[in-house]
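The values are calculated or read from the model by the stated rules, or taken from the named source; none is laboratory data. Predicted model only: the values in this text are computed from it and were never measured. Here the Cβ positions follow ideal geometry from the backbone for every residue, glycine too, while neighbour counts run over all protein chains shown.
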Amino acid sequence: MSSDDDDYVYDDVTGEWRPAAELAAEAAAMSEVRDASGTVLADGDAVVLVKDLKVKGAGQTLKQGTVIRAIRLTDNPEEIDCRHDTIKGLVLRTEFVRKR
């Protein structure tokens, strides 16, 4: 008889067999998306730019303090997908934003 508590997975990093639940909890913690201040971000949050950013391909600069609403998280925890009034399909690095 086996339950989820008995499942172990080989961890390549440590070279040890570890409980599957423990590894799943660590993976969930690592996938959290955090802003420049360390605050956890979620889909739909509004963020503020912490520095001026030149937008490649758009020929314009987004100024510090610009509010970006309704962000969407991506597969990469260091990037968020968002829209600005003049720029569609904008991807920002989380190190340049803070939660509003």
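Some observations on this one:
- Of the numbered criteria (1) among the small types (Gly, Ala, Ser); (2) loosely packed, with under 11 Cβ neighbours inside 10 Å; (3) touching a residue at least 12 places away in the same chain (Cβ under 8 Å), the one Ala36 fails is (2).
- Some residue of region 13-23 being free of Cβ contacts under 8 Å to residues at least 24 places away in the same chain, surrounded by 11 or more Cβ atoms within 10 Å (Cβ to Cβ), among the small types (Gly, Ala, Ser) and outside any strand (DSSP E or B): yes
- Being at pLDDT 90 or above, surrounded by 13 or more Cβ atoms within 10 Å (Cβ to Cβ) and in contact with a Cys (Cβ under 6 Å, 6 or more places away or on another chain) is a property that Ile80 lacks.
- Counted residues, region 43-61 - those being farther than 13 Å from Ile80 by Cα and in contact (Cβ under 8 Å) with a residue 24 or more places away in the chain: 6
Let's see how each residue does on (1) surrounded by fewer than 11 Cβ atoms within 10 Å (Cβ to Cβ); (2) assigned to a loop (DSSP other than H, G, I, E, B); (3) at pLDDT below 90:
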| site | (1), (2), (3) |
| --- | --- |
| Gly44 | yes, yes, no |
| Val48 | no, no, no |
| Gly65 | yes, yes, no |
| Asn76 | no, yes, yes |
| Asp85 | yes, yes, yes |
| Lys88 | yes, yes, yes |
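- Answer residue from region 50-63, given it is aliphatic (A, V, I, L, M) and part of a strand (DSSP E or B) and is nearest to Gly89 (Cα to Cα) among those: Val55
- Residues located in region 24-42, provided they are small (Gly, Ala, Ser), assigned to a loop (DSSP other than H, G, I, E, B) and either touching a Pro at 6+ places or on another chain (Cβ under 6 Å) or more than 17 Å from Arg83 (Cα to Cα) (or both): Ser31, Ala36, Ser37, Gly38
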